[in-house]
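The values are calculated or read from the model by the stated rules, or taken from the named source; none is laboratory data. Here the structure is a predicted model, which is why all the values come from computation and not from measurement. Don't worry about glycine lacking a Cβ; one is built from the backbone with ideal geometry, like all the others, and counts go over all protein chains shown. Accessible surface areas use protein heavy atoms only, side chains included; no ligands, DNA or RNA. Shrake-Rupley method; radii C 1.70, N 1.55, O 1.52, S 1.80 Å.
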Amino acid sequence: MPEIIQRGPVPPHVQVANWIRARIKAGEYGPDDPLPSEKDLKDLFGIARDTAKRAYAVLEAEGLMYTIPRRGRYVVPKAERP
């Protein structure tokens, strides 16, 4: 199970974003695959939902994922990434 260091030099939301990014780049989450929900991340890492939301904001800003309201978050296909 991944561990988040709450008071480390890297903010928790960045640690979560790094973990998800690594899984996307390794192919564990493929193009248009759904990503874990905020609640799933909360349960997995023991973080607040706001932390999960901030992690997803980082990944969306990087162009690695997109959101469909009321459906979830999904991986952007490699060809469409910046």
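Give me the residue from region 1-35 that is within 12 Å of the chain's Cα centre (by Cα) and hydrophobic (A, V, I, L, M, F, W, C) and, out of that set, nearest to P69 (Cα to Cα). So, considering only residues that are within 12 Å of the chain's Cα centre (by Cα) and hydrophobic (A, V, I, L, M, F, W, C), the one nearest to P69 (Cα to Cα) is L35.
Would you pick out the residues in region 39-59 that are more than 16 Å from R73 (Cα to Cα) and not β-branched (V, I, T)? If the condition is that a residue be more than 16 Å from R73 (Cα to Cα) and not β-branched (V, I, T), then D43, L44, F45, G46, A48 are the ones that fit.
Residue count for region 5-22 satisfying the condition of being closer than 17 Å to E62 by Cβ and either of a type outside the set (D, E, K, R) or open to solvent by 60 Å² or more (accessible area, probe 1.4 Å) (or both): 11. Residues A55, A17, A26: which one is small (G, A, S), out of contact with any Gly (no Cβ under 8 Å at 6 or more places or on another chain) and free of Cβ contacts under 8 Å to residues at least 12 places away in the same chain? Matching residue, one of A55, A17, A26: A26.
Checked against (1) open to solvent by less than 70 Å² (accessible area, probe 1.4 Å); (2) at pLDDT 95 or above; (3) not aliphatic (A, V, I, L, M), P2 passes all but a single condition, namely (2). Inside region 57-82, residues that are open to solvent by 60 Å² or more (accessible area, probe 1.4 Å), within 12 Å of I24 (Cβ to Cβ) and modelled with pLDDT under 95 make up a count of 1. Would you check which residues across region 46-56 are part of a helix (DSSP H, G or I), over 17 Å from Y29 (Cβ atoms) and open to solvent by less than 60 Å² (accessible area, probe 1.4 Å) and list them? Hit for region 46-56 is T51, nothing else. The set of residues in region 24-38 that are surrounded by 14 or more Cβ atoms within 10 Å (Cβ to Cβ) and in a helix (DSSP H, G or I) comprises I24, E38. Residues in region 21-38 that are under 15 Å from K78 (Cα atoms) and of a type in the set (S, T, Y): Y29 only.
The residues in region 27-82 that are among the hydrophobic types (A, V, I, L, M, F, W, C) and more than 19 Å from I4 (Cβ to Cβ) can be counted, and the count is 7.
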